[in-house]
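Nothing in this text is a laboratory measurement; each read-out follows from the coordinates by a stated rule. These numbers come from a predicted model, not from an experiment. Here the Cβ positions follow ideal geometry from the backbone for every residue, glycine too, while neighbour counts run over all protein chains shown.
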Amino acid sequence: MTENTEKGQMSRKAAIERQAELRRERAAEKLRENLSRRKQQTRARRSGQADETNGLPAAKMDES
């Protein structure tokens, strides 16, 4: 292989590794957020408070 081809492959490999590291960091952050949210829900249930959810509410039945 020529030197340019080897450098190109090395930089591509480095870029792929950087992307993989960023994905791992994002996944770890999401896991931490989820764990924190679940702990808050557990504490709220123990203290008798209603769950405060973010995002879409649970499916509700129509009262018709």
Additional length obtainable on full extension of the chain from R12 to E33, 0.36 nm per residue less Cα span: 4.4 nm
Net +/- balance of residues flanking K30 in space, Cβ distance below 12 Å, scoring K and R +1, D and E -1: +2
